[in-house]
Amino acid sequence: MLVKDIQEYDSQFFMNTFGKRTPVAFEKGQGINLWSTDGEKYTDFFSGIAVNSIGYAHPTFVRMVTEQLTKLVHCSNLYYIESQALLARELCRNSCADKVFFSNSGAEANEGAIKLARLYFRKLGMPEKYEIITLQKSFHGRTITTLSATGQDKYAKPFEPLTQGFKKVPLNDFEALSAAVTENTCAIMLEPVQGESGVYPCDAQYLKKVRELCDEKKLLLIFDEVQTGMGRTGKLFGYQKYDIEPDIFTLAKALGGGIPIGAVCAKDQVAQAFAPGEHGSTFGGNPLACTAGLAVMKIMEEEKLPENAQRVGEYIKEKLQALAAESCPVISEVRASGLMIAIELNAPIAPQVKNKMFEKKYLLANIGENMLRILPPLIITTQDADEFLAALSCALGE
Ligand code: PMP
């Protein structure tokens, strides 16, 4: 269908909570490219918001998922599931976690992490420990509890009353964080690099102190790795860029390569708090989603995608900084952690630049008027990056 015909049905029947969309519909993807229903080819530097890290239609992914699709999509968590056990093992083998629980999305994984943290202290006979400290400008999801954890009022305000027990403090301000801890605090929850608000990384020194504070006050440290996980920042998991480990971390987005799946990953001692029947999900960890996860893990390892993200991310950052210094003074700052990149502009032109790039057949996103955000597939080469940067340089010039 042509996009104008889709638009007609969409405006009539779809409950559009996403606002004005770019007038295009995609019907096919291959590698870093997408093709629209009107036959145009685009290059994707946004990866469906950090989801398509292995690229579109990766042969290993297609083969493994298709095979599983023909055998069994879903049965029930009342029975054992091979791919679920294998994916849990793969995630534990490659991280500090000992146990994994699967959900269907990032918000649902964070809900699971929050429930686990509160239950952990309840089982220790400390039900008064339920408060969770999160960071201002954080994003943790769109369910009522994850909105309550999210540090951006605009998302949560219309849905009050929210879930009780969340306090927000500024990023990288250790004094404010330690001052917010009370005898009711059970956990500190943060993104190693804030994604939705515009790529703001935690300082290494700050995270070290946060870990020490958690140890000293017996608090759980929860990392929301929904966006930073699965190689995006240059390591398989974002915490691995720092010299510390969380007690719980959550995953989603790139874990399933586009098939919905999330995960709560925890140390054994914490994970034990969930007794049988205390948490669950109908679809979470079904055979198809876990096979997709296994395919993504295999490809990440075989193609060394975290390393590529680190290398090409560093390359793009340097090139952007050079561009800013030499010919594009409109770029005021570049923040990057692997292939999680934000470009701050000192003029309110980000939406126009995004549209110009769309005309040049590149997909990226803006945050507000002054920020561009790029999240390319982790398979990109420096040559792909050069072509993108040439187009971006023109768009900024125009
Ligand atoms: N946490 C973080 C850090 C995210 O970036 C997002 C999604 N942008 C979420 C949680 C929510 O994930 P989902 O949309 O899969 O519920």
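The values are calculated or read from the model by the stated rules, or taken from the named source; none is laboratory data. Since the structure is predicted, the reported quantities are computational estimates derived from the model, not experimental observations. Cβ: placed from backbone, ideal geometry, glycine included. Neighbour counts: every protein chain shown. Accessible surface areas use protein heavy atoms only, side chains included; no ligands, DNA or RNA. Shrake-Rupley method; radii C 1.70, N 1.55, O 1.52, S 1.80 Å.
Some points to look at:
Residue by residue, here is whether (1) within 22 Å of the chain's Cα centre (by Cα); (2) within 16 Å of the ligand (Cβ to nearest atom); (3) in contact (Cβ under 8 Å) with a residue 24 or more places away in the chain holds:
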position: Leu72; (1), (2), (3): no, no, yes
position: Cys96; (1), (2), (3): yes, no, yes
position: Phe101; (1), (2), (3): yes, yes, yes
position: Asn104; (1), (2), (3): yes, yes, yes
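- In the range 237-258, the residues that are within 16 Å of the ligand (Cβ to nearest atom) and open to solvent by 20 Å² or more (accessible area, probe 1.4 Å): Lys241, Lys253, Gly258
- Failed criterion for Gly234 (all others in (1) within 26 Å of Leu375 (Cβ to Cβ); (2) within 16 Å of the ligand (Cβ to nearest atom) hold): (2)
- Qualifying residues in the range 135-145 (those that are within 11 Å of the ligand (Cβ to nearest atom) and among the polar types (S, T, N, Q)) - the one nearest to Val264 (Cα to Cα): Thr143
- One residue stands out among those in the range 213-231 that are more than 16 Å from the ligand (Cβ to nearest atom) and crowded, with 19+ Cβ neighbours inside 10 Å: the one that is farthest from Ser178 (Cα to Cα), which is Leu220.
- Of the residues making up the range 370-387, those that are within 22 Å of Arg21 (Cβ to Cβ) and crowded, with 21+ Cβ neighbours inside 10 Å are Leu372, Arg373, Ile374, Leu375, Pro376, Pro377.
- Candidates are the residues of the range 7-30 that are assigned to a helix (DSSP H, G or I) and either among the acidic types (Asp, Glu) or not assigned by the TED database to the domain that holds Lys360 (or both); the one that is surrounded by the fewest Cβ atoms within 10 Å (Cβ to Cβ) is Glu8.
- The set of residues in the range 123-159 that are in a helix (DSSP H, G or I), open to solvent by 30 Å² or more (accessible area, probe 1.4 Å) and either hydrophobic (A, V, I, L, M, F, W, C) or in contact (Cβ under 8 Å) with a residue 60 or more places away in the chain (or both) comprises Lys123, Ile144, Phe159.
- Residues (touching an Asp or Glu at 6+ places or on another chain (Cβ under 7 Å), buried (at least 17 other Cβ atoms within 10 Å of the Cβ) and either free of Cβ contacts under 8 Å to residues at least 12 places away in the same chain or not aliphatic (A, V, I, L, M) (or both)) located in the range 341-369: Glu344, Lys356
- If you go through the range 167-177 and keep only what is touching a residue at least 24 places away in the same chain (Cβ under 8 Å), over 15 Å from Leu219 (Cβ atoms) and not in a loop (DSSP other than H, G, I, E, B), you end up with just Lys168.
- Among the residues of the range 168-201, those identified as touching a Pro at 6+ places or on another chain (Cβ under 8 Å) and farther than 20 Å from Ala113 by Cα are Ala176, Pro201.
- Residue list for the range 178-212, restricted to those being open to solvent by less than 10 Å² (accessible area, probe 1.4 Å), of a type in the set (A, V, I, L, M) and outside any loop (DSSP other than H, G, I, E, B): Ala187, Ile188, Met189, Leu190, Val193, Leu207, Val210
- Here the strands (runs of 3 or more DSSP E) wholly within the range 339-398 that include at least 1 residues being in contact with a helix residue (DSSP H, G or I) (Cβ under 8 Å, 6 or more places away or on another chain), among the hydrophobic types (A, V, I, L, M, F, W, C) and under 18 Å from Leu323 (Cβ atoms) are 340-345, 371-374.
- Given (1) within 16 Å of the ligand (Cβ to nearest atom); (2) more than 20 Å from the chain's Cα centre (by Cα), index of the condition Ala109 fails: (2)
- Options Asp203, Asp173: the member that is acidic (Asp, Glu) and under 21 Å from Val334 (Cα atoms): Asp203
- Looking across the range 117-132, just one residue is within 16 Å of the ligand (Cβ to nearest atom) and either on the phi > 0 side of the Ramachandran plot or in contact with a helix residue (DSSP H, G or I) (Cβ under 7 Å, 6 or more places away or on another chain) (or both), and that is Ile132.
- Verdict on Lys304 being of a type outside the set (Phe, Trp, Tyr), free of Cβ contacts under 8 Å to residues at least 60 places away in the same chain and within 22 Å of Gly31 (Cβ to Cβ): yes
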